[in-house]
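Step one of this worksheet: look at the structure below.
The values are calculated or read from the model by the stated rules, or taken from the named source; none is laboratory data. All values reported here derive from a predicted model rather than from experimental measurement. Don't worry about glycine lacking a Cβ; one is built from the backbone with ideal geometry, like all the others, and counts go over all protein chains shown. Heads up: the accessible areas ignore ligands, DNA and RNA and are worked out on the full protein's heavy atoms, side chains in. Shrake-Rupley method; radii C 1.70, N 1.55, O 1.52, S 1.80 Å.
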Amino acid sequence: MSETVAPLLSLAHISLSFKGVKAVTDIGFDVAEGEICALIGPNGAGKSSLLNVINGVYQPQQGEIRFAGRSRRAMQPHEAAVAGIARTFQNIALFKGMSVLDNILTGRNLASRSSWLEQAFRLGRAVADEEAQRAVAEEVIAFLRLQAWRHTPVGQLPYGLQKRVELGRALAARPRLLLLDEPMAGMNREEKREMSQFIREVNQVFGTTIVLIEHDIGVVMELSDHVVVLDYGRKIGDGEPEAVRALPEVIAAYLGQQRH
Amino acid sequence: MFYQESGQFSTRYRQDGRALRLWQQRAALWALLALAFGLLPFIGNDYWFSAILIPFLVLSLAGLGLNLLTGYAGQLSLGSAAFMAVGAFASYKLQFLLPGLPLLLSFVAGGVVAAAVGVVFGLPSLRIKGFYLLVSTLAAQFFVEWLLTKFAWFSNGNESGVITAPPLLVAGHDFGSPAGRYLLTLSVVLPLFVLAANLVRSSLGRNWMAVRDMDTAAAVIGIPILRTKLLAFAISSFILGVAGSLWAFTYLGTVEPHGFDLSRSFQVLFIIILGGMGSILGNFLGAAFIVLLPIVLSILSGSLLSGVLPAGQLENLQKIIFGVLIILFLIKEPDGLARLWQGWRARARLWPLRF
Amino acid sequence: MSFFMEVLLGGLLAGVMYSLVAIGFVLIYKASGVFNFAQGSMVLFAALTFVSLLERGLPFWLAFVLSLLSMLLLALLLERLVLRHLVNRPPITLFMATLGLSYVVEGVAQALWGAQVHGLDLGIEDTPLELGGLMLSRFDLFAAGSAGLLVLLLSLLFNKTRIGLSLRAVADDQLAALAVGIRLQRMWVLVWAVAGLVGLVAGLLWGARLGVQFSLSLIVLKALPVLIIGGFTSIGGAIVGGLIVGASEKLAEVYLGPLLSGGIENWFPYVLALLFLLLRPAGLFGERAIERV
Ligand SMILES: Nc1ncnc2c1ncn2[C@@H]1O[C@H](COP(=O)(O)OP(=O)(O)OP(=O)(O)O)[C@@H](O)[C@H]1O
Ligand SMILES: [Mg+2]
């Protein structure tokens, strides 16, 4: 990663509090195009809050977010989606009443070009459009090996598969930046290995930049190019995995009291 | 074995996305259509048309309207009857303001006016969610009823707001007979069902369900929340508006604003609870149920319970039965009759090789 | 000016009734998370039972106790037959169940006691009373006094007894309450019965005014905007909300009504509640929480 290229995402002086409780204090870091950046830190450190700031679910009181060359005081969720940021959630946020296929197709909604009137009458661009979106969704389904559950309501799937569908929904949007909030939480060894594999492939095959939150230090070391460590809402480490791991503050704050 | 679906694999996405994937389903549909258009108009009698088939069709359509808003887009509403009223009175008024306006066009225009009113009362849905939205839809319910009762302009000067349907002429043909009114109703209701069935399987339909199931996630993947909700209000109110026009024109012939009161809104809500929220077929099933139950009850009480049940008690009994059924369905089968129907079909499919 | 004051006070006193119905609602919402549309039917049921017993010659106190017992029975049945089977369902489902419930309760009430209007005389003369130059209805004052007394009793129940402590625990955090051994289902029966008591009092006061009849169950429609304004979870909010709605709808009817050819009482509270909501989406007393994801 050369230093001359501007980072894809750059946060500066982000502070966020809820009714006086500080969740994030004066945080800034850069994410280069094409890298996998891991956010780590103990429970309540502010990791999820920071992801929420990046794609506009929370609006920080202070700071600046620069994404793909455009700088903003705060993001809006819709704006973030249009700019190419997709996301999964710590507590699965799938559309429970819909099938796997439909969930993944919702990820294509921004790509849909036909108007609702055309869709109602199945006229004009509607049919071709639907087929085009379906084709992309099927690619994602094949990539994540979800074919067998295509028409299953997501509420009926086991936890591990739901996490995968949620990744699929995010991938369907063909994002530039993918935010993953604990994609492997609650998974067994085998499932974790599988999910790491998917994440790495997404990064390598599609060149998607990824910011992920993960508690399993082994996975983080193996997967990421860059690690940012948070503790009590502050940044206490930022750099390559091996370097960060060696920092005394990090050892004290995080590795010393690792929780799940 | 008629119910055999083996070997029917979808080879193209277009086929897989169809509403009815099996040829048996499509054949059954065509048979039903042939029956409804070709046979029933000749063999039905006036009672069947006027007391069963027409209200059944109109209520199915009203159920569809509410189902799009509540069952698909997840926005609770107790104001369906208000939008029906707007449709009815707008169609009526437009017939007078624009002499020569074709009847079918006046239905559409009534629906469009209802859609506009629906959008106005749907606007608060951006800021308020869940039960709080009941306030907006109840405001619509009471405000519209008041407006149409108080201002005789809407009913062309009738003091109590009563409107009477114009002659039901379409392209020179008079559809005033019971069979004619039935055919007219059917020809308006079915196309709207087809359009709605298309919509719920399209990108807009998915956006509705996404907003219903988890609106934060929907916003994050770029679904425009306000636009999606307002479209739900508009399209739902359009359909309710057309249903209201049909209620006034082809079913009753004369109606007053109080014919569209809160209990009518409840009736429509019960159709989708019993029939199945988030199901297109469910609207037919729920409406059939709600039309037939009182008839069956009164026949039963006339024959079995005659003398046992005082006349006034029938209505109470009906109320209790409806209430109990609602609760029972919510407990046992929250997806309504539509799900029961699917379950029955799934069993029929395996017959006789059940094990 | 004194006419204005009279209208205002008249409205406030009517608002007391709305508050009462809304309080029954808040109790149930806090303890069981149910948005109880049947609160109005419960008012009807309780009042109808009471007058019918009275008409059959029972003394006042006995009729009152029996009506109260009938509300307890209703609460028991409800918990057994309905609530128990709907735990962990989405709030919208619970709400629709109470819609069904309101049909059942109304149907049963009318099947048992008939649909005619019953007069109810609580022995309070409805003569005007002059207070500081203002003419006030003696009955309205009595009604407001009874309502105030009831609220006082309820707050004692909630703040000074063990039952109240458990109830508050349940309202705060159901899981935690379960963990410390509070029997949730018993608490539900209790709050529904207390809501029944509140309904009975509201029904008697209201019924003495307008006669005990079906329209009593429609009070719930007035309680709804009250709750929106006051918030679903605050008794204080329910009281203030009731007063606001009562006063403003009377003022609107008197001063705005003539311009709009009258009868605006039906929708005015809703438009008011909508305005409140647009300004304060979580109600007057609610705090707007930012959803966690
Ligand atoms: N919507 C919210 N409202 C109020 N407080 C919040 C909200 N979201 C987060 N917080 C608070 O902000 C702080 C940081 O929370 P956050 O969820 O970002 O932590 P985290 O690092 O993701 O922790 P975990 O590892 O447990 O997921 C916590 O104190 C939390 O209680
Ligand atoms: Mg987190």
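For segment A:98-174, the average shadow cast by the Cα convex hull is 4.9 nm², which is a quarter of the hull's surface. Neighbouring Cβ atoms from other chains, within 10 Å of the Cβ of residues in A:103-113, number 5 on average. Protein heavy-atom accessible surface, 1.4 Å probe, per residue over chain C: 43 Å².
The mean count of C-beta atoms from other chains within 10 Å of the C-beta of residues in C:164-173, rounded to a whole number, is 0. Cross-link pairs exceeding 27 Å in C-alpha to C-alpha distance, out of B:LYS319/C:LYS250; A:LYS47/A:LYS96; B:LYS150/C:LYS222; A:LYS19/A:LYS96; B:LYS129/C:LYS30; A:LYS163/C:LYS30, comprise B:LYS319/C:LYS250; A:LYS19/A:LYS96; A:LYS163/C:LYS30. Amide H to amide H distances under 5 Å link A:ARG72 with A:ILE65, A:ARG66, A:PHE67, where only residues 5 or more positions off or on other chains count and H is placed in the peptide plane.
Accessible area buried by the pairing of B and A, both sides summed with a 1.4 Å probe, works out to roughly 2700 Å². Heavy-atom accessible surface, probe 1.4 Å, ligands and DNA/RNA ignored: which residues of segment C:31-51 lose at least 20 Å² versus the isolated chain? Those are C:PHE35, C:PHE37, which lose 20 Å² or more relative to the chain on its own.
Of interest is the spacing of the C-alpha centroids, which for segment B:308-337 and segment A:14-77 amounts to 54 Å. Here the accessible area is traced with a 1.4 Å probe on the protein chains. For segment B:20-129, carbon and sulfur cover 78 percent of it. Taking every residue in B:333-340 and counting other chain Cβ atoms within 10 Å of its Cβ, the average works out to 1. Computed from label points 7 Å out along Cα-Cβ, the spacing between B:VAL170 and B:LEU104 is 0.6 nm.
Charge dipole of segment C:2-214 (Cα centre as origin; +1 on each Lys and Arg Cβ, -1 on each Asp and Glu Cβ, all else neutral): 940 debye, rounded to the nearest 20. Of the residues B:GLY44, B:ALA338, B:ALA152, the one whose Cα sits farthest toward the positive end of the charge dipole of segment B:44-350, with +1 on the Cβ of Lys and Arg and -1 on the Cβ of Asp and Glu, is B:ALA338.
In segment C:116-235, Cα pairs under 8 Å separated by at least six residues give a relative contact order of 30 percent.
With the simple spin-label model, which puts each label point 7 Å out from Cα in the Cβ direction, the C:ARG183 to B:TRP153 separation comes to 6.3 nm.
For segment B:44-350, the solvent-accessible area of protein heavy atoms averages 35 Å² per residue (probe radius 1.4 Å; ligands and nucleic acids excluded). In segment B:112-131, the residues that give up 30 Å² or more of accessible area when the other protein chains are added, compared with the chain on its own (1.4 Å probe), are B:PRO124, B:ARG127, B:ILE128, B:PHE131. Which shape class, rounded, prolate or oblate, goes with segment B:44-350 when its Cα gyration tensor gives a ≥ b ≥ c as root eigenvalues, a/c under 1.5 marks rounded, and past that a/b bigger than b/c marks prolate? Note, shape of segment B:44-350 comes out rounded. Placing +1 on the Cβ of every Lys and Arg and -1 on the Cβ of every Asp and Glu, with nothing else charged, gives the protein assembly as shown a dipole about its Cα centre of roughly 1400 debye. When the Gaussian network model of chain A links Cα atoms closer than 10 Å, the mean-square fluctuations of A:ALA38, A:ALA12, A:ALA81 top out at A:ALA12. Over chain C, Cα pairs under 8 Å with separation of 6+ residues give a relative contact order of 36 percent. Backbone phi angles across segment B:65-77, fed through the Karplus curve with coefficients 6.51, -1.76 and 1.60 (θ = phi - 60°), yield HN-Hα couplings of x, 5, 4, 4, 6, 8, x, 8, 8, x, 9, 5, 9 Hz in residue order; Gly and Pro are listed as x. Note on B:THR254/B:ILE299: beta-carbon distance plugged into 1/(1 + (r/R0)^6) with R0 of 25 Å gives a FRET efficiency of 0.40.
With the helix formula -39500 (n - 2.57) applied to DSSP H stretches of n ≥ 4, the protein assembly as shown reaches a computed 222 nm mean residue ellipticity of -18500 deg cm²/dmol. The trypsin sites (Lys or Arg not before Pro) found in segment A:126-190 that occupy coil by DSSP, while having at most 13 further C-beta atoms within 10 Å, are A:ARG145.
The label-point distance for C:SER261 and C:LEU157, in a model that sets each label 7 Å from Cα toward Cβ, rounds to 4.6 nm. Interface between chains C and A: roughly 500 Å² of accessible area buried, both sides summed (probe 1.4 Å, protein heavy atoms only). The interface between chain B and chain C buries about 3900 Å² of solvent-accessible area in total (1.4 Å probe, ligands and nucleic acids excluded).
Given +1 at the Cβ of Lys and Arg, -1 at the Cβ of Asp and Glu and no other charges, the dipole of segment B:44-350 around its Cα centre is 880 debye to the nearest 20. Comparing A:PRO241, A:PRO175, A:PRO158 in a Gaussian network model of chain A (Cα springs below 10 Å), the most mobile by mean-square fluctuation is A:PRO158. Across segment B:44-350, C-alpha contacts under 8 Å between residues 6 or more apart give a mean separation that, scaled by the residue count, equals a relative contact order of 32 percent. From the Cα gyration tensor of segment B:149-299, with a ≥ b ≥ c the square roots of its eigenvalues, which class applies: rounded if a/c is under 1.5, or else prolate if a/b is larger than b/c, or else oblate? The shape class here is prolate. Here the Karplus relation 6.51 cos²θ - 1.76 cosθ + 1.60, evaluated at θ = phi - 60°, turns the backbone of segment B:178-188 into coupling constants of x, 5, x, 5, 4, 4, 4, 4, 4, 6, 8 Hz, with x for every Gly and Pro. Taking the longest Cα principal axis of chain A as reference, the axis of helix A:189-206 is set at about 80 degrees. Rounded to the nearest whole Hz, the Karplus-based 3J(HN,Hα) values (6.51 cos²θ - 1.76 cosθ + 1.60, θ = phi - 60°) of segment B:284-299 follow the sequence 5, 5, x, 5, 4, 4, 6, 7, 7, 3, x, 5, 4, 4, 6, 5, with x at glycine and proline. In chain A, taking the dipole from charged Cβ atoms about the Cα centre, the farthest positive-side position among A:MET221, A:MET187, A:LEU101 is held by A:LEU101. Once the chain from B:ALA27 to B:ALA346 is taken as fully extended at 0.36 nm per residue, the excess over their C-alpha distance is 113.1 nm. When the square roots of the Cα gyration tensor eigenvalues are ordered a ≥ b ≥ c, the ratio a/c for segment C:30-122 is 1.5 or more and a/b exceeds b/c, which makes its shape prolate. FRET efficiency for the A:LYS19 to C:MET5 pair, using the beta carbon distance and R₀ = 45 Å, is estimated at 0.65. Dipole orientation for segment C:2-214: of the candidates C:GLY11, C:LEU129, C:LEU62, C:LEU62 has the Cα lying most toward the positive pole (charges on Cβ; Lys, Arg +1; Asp, Glu -1).
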